[in-house]
Each structure stands twice: as C-alpha cells, then as structure tokens.
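For reference, the structure discussed in these notes is given below.
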There are 2 protein chains.
Amino acid sequence: MTELKNDRFLRALLHQPVEVTPVWMMRQAGRYLPEYRRTRSQAGSFLDLCKNPHLACEVTMQPLRRFPLDAAILFSDILTIPDAMGLGLYFAEGEGPRFTNPVQDEAAVKALGVPDPEQDLGYVMDAVRTIRRELDGTVPLIGFSGSPWTLATYMVEGGSTKSFSKVKGMMFERPELMHQLLSTTAESVISYLNAQIAAGAQAVMIFDTWGGVLSPSDYRTFSLAYMKRIVQGLTRESEGRRVPVILFTKGGGQWLGAMAESGCDALGVDWTTDLAVARELVKDRVALQGNIDPSILYASPQRIRSAVAEVLASYGYGSGHVFNLGHGIHPDVNPDHAAALVEAVHELSPAYHG
Amino acid sequence: MTELKNDRFLRALLHQPVEVTPVWMMRQAGRYLPEYRRTRSQAGSFLDLCKNPHLACEVTMQPLRRFPLDAAILFSDILTIPDAMGLGLYFAEGEGPRFTNPVQDEAAVKALGVPDPEQDLGYVMDAVRTIRRELDGTVPLIGFSGSPWTLATYMVEGGSTKSFSKVKGMMFERPELMHQLLSTTAESVISYLNAQIAAGAQAVMIFDTWGGVLSPSDYRTFSLAYMKRIVQGLTRESEGRRVPVILFTKGGGQWLGAMAESGCDALGVDWTTDLAVARELVKDRVALQGNIDPSILYASPQRIRSAVAEVLASYGYGSGHVFNLGHGIHPDVNPDHAAALVEAVHELSPAYHG
C-alpha cells in the first residue's frame with residue numbers, strides 16, 4: 001500500500017496533533033454535484049450505481065477533484081445489509097427505500113442470517129478496493145454502516161417512516177424479538193465493517209440516523225448497546241495503523257456522555273449541540289466530528305466563512321476535531337458554497353493548532 | 001363564570017399541591033377518534049372545521065366525553081395568524097398546509113401587519129367562548145399559538161419543509177429582515193393569546209414545533225428571544241386566577257435551562273429527555289409537562305401502564321408535573337389505548353402526592 005500523504009483526518013480522530021483541522025462533508029458525493037447526477041443517470045437506478053464498483057468509485061472521487069477534502073467516504077447505501085439478508089431492497093420513485101420482504105413477525109426475525117461480506121456484499125468490498133487504488137494514498141477512505149437500530153427501523157417498517165409505529169410496536173410489545181433482530185443485525189454489521197477494513201477502509205463510521213427518536217432509556221437499550229457491541233467486535237488496527245471508529249446518533253446531543261463510554265474513538269455531533277458543551281461532556285475521551293448546520297450552505301460564501309469561524313471557536317484550541325456538517329449536505333446547494341466551507345476550515349483553523 | 005370543578009391541571013402548572021397528576025394529550029381532539037372523522041367530513045375541509053366555532057367546540061369536547069382528561073385544548077390550526085395576515089392558508093390534499101402568498105422578500109415582510117384578533121380571528125375567539133360555555137367549569141381550557149419562529153418557517157417556505165432552505169437562507173443572509181418578521185409575528189401572537197385569555201382561555205401554550213432544527217445560538221436568537229417577549233406581553237391573571245404559560249420546543253431538551261428563565265410557568269418536554277434530568281435542569285423554577293413516547297399507544301394497555309409508571313417515577317415525588325405525550329397523538333392509534341393511558345396516570349400517580 002502507498003503511504004498516506006494526508007493523514008490529518010486519522011490523526012485528529014485519535015487526538016494526535018495536526019496543523020490544520022481536517023474537513024469532509026457527509027454525503028459529499030451526491031446530488032448537489034452535476035457530475036454526480038450525470039453518473040447517476042448513466043448508471044440506471046440508484047441501486048445500480050451502488051452495486052457498480054467502478055461507478056461507485058467514480059462518484060466517491062468526484063468531490064475530491066473539486067475540493068481539497070481530507071477524507072473520502074465509500075459511496076454506498078445504508079441498507080445494503082438488509083438487502084443481502086434477502087429483504088429485497090428497491091427504491092420507489094420519489095418515495096425512498098422500500099423492502100419487498102419486511103421483517104414483521106417472529107418467523108421473519110428467526111429466518112434472518114448474517115450475510116457473508118465477500119460473497120453477498122462483494123460489490124461493496126470491490127468498491128472499497130477500487131477506491132483505495134484510485135485514491136493512491138492522497139487521503140484516507142472511510143467505510144460505514146447503519147446502526148442496528150437504524151437498520152431495524154427500515155427492516156420492520158418496510159421503508160421510511162414518520163411514526164415508527166411498527167418498529168416501536170415490536171420494541172414495546174416484543175422486546176425479546178427486537179433484541180434478536182438487533183443482535184443478528186449487529187453481528188452482520190461487525191462482519192461487514194471488518195470486511196471493509198480488510199479491503200482497505202482506514203476508518204469506519206456507524207450512522208445511527210434514527211436513534212434520536214427513542215427515549216433515553218430505550219436509546220441505551222436498543223441502540224447504544226448494539227453499537228457498543230459492534231465497537232468491541234471491530235478490527236482496530238490495519239496496515240500498521242489504528243482504524244478509528246466514529247459513532248453518530250442524529251439528535252443524540254443529550255447522550256454524548258454515554259456514547260463516549262462505548263469504546264469508540266470519535267463521536268459525530270449535529271448542530272443542535274454546541275461543540276464546547278459536547279467537548280465538556282466527553283472530556284477529551286473521544287474526538288468530535290461536526291457540526292455546522294448544513295443549511296448554512298444556502299447562505300453566501302462570506303456568511304459561510306463567519307459560521308465556520310464560530311464552529312472552530314466553539315471547539316476551541318487543540319486536536320480532536322474533524323470539521324463536518326451536522327448532517328448530510330442538501331441536494332440543492334451550490335457546489336461553490338461547499339468549496340467556500342472547505343477553504344474557510346483550512347484557512348481559519350491553523351490558529352487553533354500548534 | 002362557573003367555578004372550576006377540576007383545577008388540578010392549573011394547580012400542577014403552578015407547583016401547587018395536587019392529589020393526582022393531571023393528564024391531557026397533545027392533539028387529543030383528532031383523527032384517531034372516529035367521531036372526529038365524522039365531524040371533520042361533515043365540516044368540509046379541515047379549515048372549514050377550524051373556522052366553524054360550533055364544530056370546533058364539538059371536536060374539542062369529543063375526547064373529554066371518552067376519557068376523564070384534566071384539561072381541554074382549543075381545537076384550531078397553528079397557522080391562523082399568518083392566514084389572518086393575508087397569506088392565504090389552504091391545505092393541499094395529502095401535502096399539509098400551504099400559503100398562496102409566502103413571505104420571501106423585504107417588501108413582503110414590510111407589508112405584514114398585526115391582525116386584530118376579534119376582527120380578523122373572531123372565529124377563534126367565538127370557539128373559545130363556545131367551548132367555555134360547553135365545558136361548564138368541568139376542566140380548564142387551554143388556548144394556544146405557534147411560536148414566531150415556527151410560524152416563520154411556514155410563512156417563508158410557503159408550507160411544510162424538510163430542509164428549511166428558504167427560512168434559514170433568510171435567517172443567515174438577512175438576519176435583520178428575519179428579526180422584523182419575527183417581531184411582527186410575536187406582536188401578533190401576544191395580541192392573539194391575550195384575546196383568547198379574554199375570551200376564556202385559562203392557560204396558554206406556545207408550540208415551538210421547529211425550534212429544534214436550530215443551533216443553540218440561533219435558537220436563543222431567533223426562537224427563544226421571541227417566546228420570551230411573548231411571555232412578558234401576556235395577561236397573566238384572568239377571572240381572579242393566574243393564567244399559566246407553557247412553552248414547548250420539540251427537540252429542545254438541551255435548552256430547558258435557558259427556557260426556564262423565560263418567565264413562563266411550565267415547559268413541555270418531549271420523550272428524548274428524561275424527566276428526572278429535566279427537573280434537575282430547571283430546579284423547580286417551572287413545572288414540566290410530558291413526556292411519554294406517543295408510540296407507546298401502539299403497545300398493549302398493560303405495556304402502556306408500565307410505561308406510564310416509568311414516566312411518573314422519572315418525575316418523582318411532588319407537584320409540578322402535568323402528564324402528557326411528548327408530541328401529538330398519532331392518527332392511527334386505538335382510542336382504547338388512550339383510555340388506558342389516562343386511567344393509568346390517575347391510578348398510579350397518587351403515590352407521588354400528599
């Protein structure tokens with residue numbers, strides 16, 4: 001493997017000194033880029049794009065050609081695991097993800113198996129290997145998975161939901177069944193992420209998009225406990241370097257203290273929590289990643305720059321901060337505004353280091 | 001006016017002793033009730049229902065005939081004020097509220113006036129008077145309004161939104177214009193709620209449904225500051241009793257401490273915050289209202305009862321707690337499950353009082 005030319009992302013995640021705060025953007029490969037939209041239409045469906053390692057690599061690289069980002073993230077869907085379990089993932093036009101075979105009773109839960117990553121999700125591992133070759137050591141590659149709870153919401157509901165009626169119904173009424181579902185899913189995530197690491201992912205992130213719809217006690221029991229189990233099961237060293245693990249619960253600002261005890265290296269923070277408050281809560285046990293409001297990209301480059309300055313100041317002096325949006329980039333923002341954000345982070349952050 | 005037979009809701013909001021924890025449910029008059037659906041179809045459109053004081057009274061009373069609730073809440077829409085400002089509220093089938101004339105530039109903001117409640121929103125005041133007569137002193141009536149920030153999101157976006165691109169665009173790029181919009185809206189809310197109080201509302205609640213999409217600093221500047229201004233402008237005594245004011249920011253668990261300093265009497269709390277943590281944060285400066293996960297109503301009556309017990313225990317001993325859901329009741333729950341919740345609160349809560 002080629003030596004890594006820019007490792008400030010990995011260093012910051014491990015609280016090691018950096019000269020500049022590293023920055024990447026959740027969903028940096030996406031619809032706001034015209035070149036992404038071209039590749040996407042060339043691919044056919046969204047799922048065709050995810051399942052084509054060559055095109056998945058292409059869209060992963062696109063934002064890096066435009067902006068001096070400090071990390072790449074594997075382009076893939078969050079629901080590849082349930083798809084590999086046989087749930088039949090498809091995308092209804094304008095309606096988001098759907099499953100042909102949702103998991104709604106005991107028989108369906110018991111029938112779930114742990115997919116073999118190289119056999120059943122080989123297209124993801126091929127994408128990881130292809131991207132690593134293409135990156136050629138410029139910046140590290142982040143692998144990722146959805147959290148067990150987040151995957152379970154889609155698996156039980158059969159798609160997106162606002163009320164979470166079926167998945168919470170199962171959680172409240174059949175907690176032992178929900179635990180079995182989460183347990184199988186957690187085992188699958190462990191094996192999936194370890195395969196990504198073996199294929200070349202240099203850091204991994206677990207997206208708990210829907211942990212924030214739970215009560216504090218249900219969050220600990222049905223989401224955090226399984227993320228903790230995953231963290232314990234992951235390969236933590238590869239190619240002679242530590243592989244940092246990032247947990248991100250959207251809307252989880254109140255639980256950062258508990259999350260910091262999971263054994264992970266870093267926590268994603270959304271923009272509803274001040275980074276100074278978050279840092280005080282986690283007391284440098286973990287690094288923090290975030291947390292500018294993604295809607296700031298609707299404002300002018302000048303205004304974006306002042307907002308970047310505020311976020312840098314809220315984290316304050318020292319390493320342990322990876323700059324990011326507090327959630328995925330909106331599909332209708334101007335790419336030049338994303339450029340202004342990345343530039344501002346690199347220009348303004350050296351004052352907080354060294 | 002008839003004397004109030006059951007005032008435990010008002011007493012709890014003022015931290016006065018009660019023998020039983022009072023309970024009501026956000027959106028207790030609503031689609032989950034077959035009798036509501038009948039009245040709704042009889043009325044014509046949803047807006048026709050809101051604008052007909054007789055039918056608005058009828059649906060307000062419906063849940064009280066089924067369940068021994070400790071408060072009634074005015075049936076109305078959150079967007080009556082912008083409608084009275086001339087924005088032209090309508091409901092596109094299956095798409096939620098829309099405005100014919102959204103407020104998207106300086107001219108539109110400057111053209112906004114403060115509606116006269118009795119002239120322009122007379123149907124709301126008529127509904128309040130009709131409901132008070134019909135209640136005949138059984139339980140108190142809650143009046144309500146949206147918060148200025150929450151109203152502004154609909155006014156600027158022209159309807160519901162997921163990205164808040166236009167309203168946040170204005171907030172980031174033209175903060176002085178946003179302040180002018182919020183200022184006019186706050187004046188309108190003050191005059192609207194004072195008219196509701198004059199017409200007979202015995203407590204008022206401000207729903208800040210979308211304050212939780214802001215950063216902590218933007219929340220204080222663009223939402224909380226205006227709710228504070230409203231609290232200061234409200235009539236606080238009527239019919240010889242204090243009129244308690246409740247603020248509720250959905251997703252505002254991290255900001256309860258700041259909200260408690262607004263001068264309000266009580267805070268609504270959603271289910272992502274433990275009531276014990278919330279109580280510690282507000283240190284009995286204000287009462288708390290909430291906070292069971294509304295999805296618990298998908299579970300069995302037995303399971304609902306144990307969840308009610310947990311919420312009562314998390315608040316703990318003493319007055320200052322009004323039991324409620326952490327958000328509106330889902331439209332597809334079984335009314336018998338709502339009955340089980342109300343019953344459990346009344347049966348289990350005396351252990352925490354006296």
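When the accessible area of the stretch A:205-268 is computed with all protein chains present and a 1.4 Å probe, what percentage of it is carbon and sulfur? Display every interim value, and only then the final one.
On the way: 920 of 2010 Å².
In the stretch A:205-268, the share of accessible area belonging to carbon and sulfur is 46 percent.
How far is A:Tyr90 from itself in the other copies, in nm, if each label sits 7 Å out from Cα along the Cα-Cβ line, shortest first?
3.5
Tell me the angle of helix B:148-157 to the major Cα principal axis of chain B, expressed in degrees between 0 and 90 and rounded to the nearest ten.
Once rounded, one gets 50 degrees.
Relative to the isolated chain, which residues of the stretch B:268-286 have their accessible area cut by 20 Å² or more in the presence of all protein chains (1.4 Å probe, heavy atoms, no ligands or nucleic acids)?
B:Trp271, B:Thr272, B:Asp274
Just for the stretch B:89-234, what percent of DSSP beta bridges are antiparallel, to the closest 5?
Rounded to the nearest five, the antiparallel share is 50 percent.
When the solvent-accessible surface of protein heavy atoms is calculated with a 1.4 angstrom probe, in what order do A:His337, A:His327, B:His54 fall, highest first?
The ordering from most to least exposed comes out as B:His54, A:His327, A:His337.
Got the A:Pro34 label distances to the other copies yet, label 7 Å along Cα→Cβ, in nm, shortest first?
5.9
Angle check, please: helix B:34-43 long axis (alpha carbons) against the longest principal axis of chain B (alpha carbons), in degrees 0 to 90, nearest 10.
That helix lies at roughly 30 degrees to the long axis.
How many nm separate the modelled label positions at B:Ala313 and A:Arg236, each set 7 Å beyond the Cα in the direction of the Cβ?
For the pair B:Ala313/A:Arg236, the computed spacing is 3.4 nm.
Can you give me the long-range amide H partners of B:Gly158? Hydrogens built in the peptide plane at 1.01 Å from N, cutoff under 5 Å, separation of 5 or more residues or another chain.
For B:Gly158, the qualifying residues are B:Val103.
Considering only B:Ala43, B:Ala92, B:Ala260, give the residue with the highest GNM mean-square fluctuation for chain B, with springs between Cα atoms whenever their separation is below 10 Å.
B:Ala92
Is there a quick way to get the dipole size of the protein assembly as shown? I mean about its Cα centre, with the Cβ of Lys and Arg at +1 and of Asp and Glu at -1; what is the value in debye to the nearest 20?
240
If I model the stretch B:86-214 as equal point scatterers sitting on the Cα atoms and use the Debye formula, what is log10 I(q)/I(0) at q = 0.12, 0.20 Å⁻¹?
-0.51, -1.18
Between A:Gln62, A:Gln28, A:Gln289, where does the largest GNM mean-square fluctuation fall for chain A, given springs only between Cα atoms within less than 10 Å?
Of A:Gln62, A:Gln28, A:Gln289, the most mobile in the Gaussian network model is A:Gln62.
Give me the accessible area per residue for the stretch B:306-354, probe 1.4 Å, as a whole number in Å². Don't skip to the answer; put the middle values down first.
Values: 1640 Å² over 49 residues.
Averaged over the residues of the stretch B:306-354, the accessible area is 34 Å².
So how do A:Tyr317, B:Tyr123, B:Tyr32, B:Tyr90 rank on accessible area, 1.4 Å probe, biggest first, that is with the largest at the start? The partial results should precede the final answer.
Values: A:Tyr317 135, B:Tyr123 40, B:Tyr32 5, B:Tyr90 95 Å².
Order by accessible area, largest first: A:Tyr317, B:Tyr90, B:Tyr123, B:Tyr32.
Which entries of A:Lys250/B:Lys228; A:Lys5/B:Lys168; A:Lys51/B:Lys250; A:Lys166/B:Lys166; B:Lys5/B:Lys283; A:Lys166/B:Lys51 show an alpha-carbon separation above 32 angstrom in the structure shown?
A:Lys5/B:Lys168; A:Lys51/B:Lys250; A:Lys166/B:Lys166; A:Lys166/B:Lys51
Grab the DSSP H runs of chain B that are 4 residues or longer, score each as -39,500 (n - 2.57), total them, divide by all residues and round the 222 nm result to the nearest 500 deg cm²/dmol.
The helix contribution divided over chain B gives -13000 deg cm²/dmol.
Roughly how big is the A-B contact, given as buried accessible area in Å² (both sides, 1.4 Å probe, nearest 100)?
Details: alone 13880 and 13850 Å², together 25430 Å².
That pair of chains buries around 2300 Å² in total.
Can you compute 3J(HN,Hα) from phi for each residue in the stretch B:65-82, using the Karplus curve 6.51 cos²θ - 1.76 cosθ + 1.60 with θ = phi - 60°, rounded to whole Hz and x for Gly and Pro?
Whole-Hz 3J(HN,Hα) from phi for the stretch B:65-82: 6, 8, 10, x, 5, 9, 7, 9, 10, 2, 8, 6, 9, 6, 9, 5, 5, x.
Distances from A:Glu134 to the same position in the other copies: list them in nm, one decimal, shortest first, using label points 7 Å from Cα along Cα→Cβ.
Label-point distances to the other copies, shortest first: 6.3 nm.
Length gain on complete extension for the stretch B:Arg220 to B:Glu95, per 0.36 nm per residue less the alpha carbon to alpha carbon distance? Provide the component values of the computation, followed by the final result.
Details: separation 125, 0.36 × 125 = 45.00 nm, distance 3.03 nm.
My answer for the length gained is 42.0 nm.
Tell me the label-point distance for the pair A:Lys110, B:Ala351, using the 7 Å Cα-to-Cβ offset, in nm and rounded to one decimal.
If labels sit at A:Lys110 and B:Ala351, their model points lie 3.6 nm apart.
With a 1.4 Å probe and all protein chains left in place, how much of the accessible area of the stretch A:294-354 comes from carbon and sulfur atoms, in whole percent?
Roughly 55 percent of what the probe reaches on the stretch A:294-354 is carbon or sulfur.
If each of A:Phe46 and B:Ser45 carries a label point 7 Å out from its Cα toward its Cβ, how far apart are those two points in nm?
Going from the A:Phe46 label point to the B:Ser45 one covers 3.2 nm.
So if I average 1/r over every pair of distinct C-alpha atoms in chain B and take the inverse, what Kirkwood radius in Å does that give?
20.3
Taking every alpha carbon pair in the stretch B:58-131, what does the distance histogram look like in 10 angstrom bins from 0, in percent?
Binned Cα distances yield the sequence 16, 36, 31, 14, 3.
Please identify, among A:Ser217, A:Ser160, A:Ser76, the residue showing maximal mean-square fluctuation in a Gaussian network model of chain A using a 10 angstrom Cα cutoff.
So, out of A:Ser217, A:Ser160, A:Ser76, the one fluctuating most is A:Ser217.
Hey, for a label at A:Lys5 modelled as a point 7 Å past Cα toward Cβ, could you say which residues of the stretch A:51-67 have their backbone N under 20 Å away?
Correct set: A:57-67.
By how many degrees, 0 to 90 and rounded to 10, does the Cα axis of helix A:175-199 deviate from the longest principal axis of chain A?
50
Given H placed 1.01 Å from N in the peptide plane, which residues other than close sequence neighbours of A:Arg242 have an amide H under 5 Å from its amide H?
Residues meeting the criterion, in which the H sits 1.01 Å from N, do not exist here.
Residues of the stretch B:137-176 losing 30 Å² or more of accessible surface, assembly versus chain alone, probe 1.4 Å, please list them.
Listed in order, they are B:Ser163, B:Ser165, B:Lys168, B:Phe172, B:Glu173.
Say the dipole of the protein assembly as shown comes from +1 at the beta carbon of Lys and Arg and -1 at that of Asp and Glu; which of B:Leu281, A:Leu33, A:Phe323 then lies farthest toward its positive end?
B:Leu281
Just to check I understand the Karplus step: with θ = phi - 60° and J = 6.51 cos²θ - 1.76 cosθ + 1.60, what whole-Hz values come out for the stretch B:161-167, glycine and proline as x?
8, 9, 9, 6, 5, 6, 6
Suppose we keep just the DSSP beta bridges with both residues in the protein assembly as shown; what percent of those would be antiparallel, to 5?
25
As a test question: what accessible area, to the nearest 10 Å², does B:Phe207 have when a 1.4 Å probe is rolled over all protein chains in place?
So the heavy atoms of B:Phe207 present about 40 Å² to solvent.
Mind checking the dipole of the stretch B:49-175: about its Cα centre, +1 per Lys or Arg Cβ, -1 per Asp or Glu Cβ, Debye to the nearest 20? Could the numbers behind the result be given before it?
Working: 12 positive and 16 negative charges, 52 e Å.
Result for the stretch B:49-175 is approximately 260 debye, rounded to the nearest 20.
Taking N as the number of residues in the stretch A:232-354, what is its alpha-carbon radius of gyration divided by 2.2 N^0.38 Å?
Cα-based Rg divided by the globular estimate yields 1.09.
Could you tell me what percent of the DSSP beta bridges with both partners in chain A are antiparallel, to the nearest 5?
For chain A, the DSSP antiparallel bridge percentage is about 25.
Please work out the FRET efficiency for the pair B:Arg65 and A:Glu280, using the Cβ-Cβ distance as r and a Förster radius of 60 Å; give the result to the nearest 0.05.
Values: r = 51 Å, r/R0 = 0.84.
Efficiency for this residue pair is about 0.75.
Whole-Hz ³J(HN,Hα) for each residue in the stretch A:321-329, computed from phi via Karplus 6.51 cos²θ - 1.76 cosθ + 1.60 with θ = phi - 60°, x for glycine and proline: what do you get?
Going residue by residue, I get 10, 10, 6, 7, 6, x, 6, x, 5 Hz, with x marking Gly and Pro.
The values are calculated or read from the model by the stated rules, or taken from the named source; none is laboratory data. Keep in mind the model is a prediction, meaning the values are calculated, not measured. No Cβ is skipped: glycine too gets one built from the backbone with ideal geometry, and neighbour counts run over all protein chains shown. Heavy atoms of the whole protein, side chains included, go into the accessibility calculation; ligands, DNA and RNA do not. Shrake-Rupley method; radii C 1.70, N 1.55, O 1.52, S 1.80 Å.
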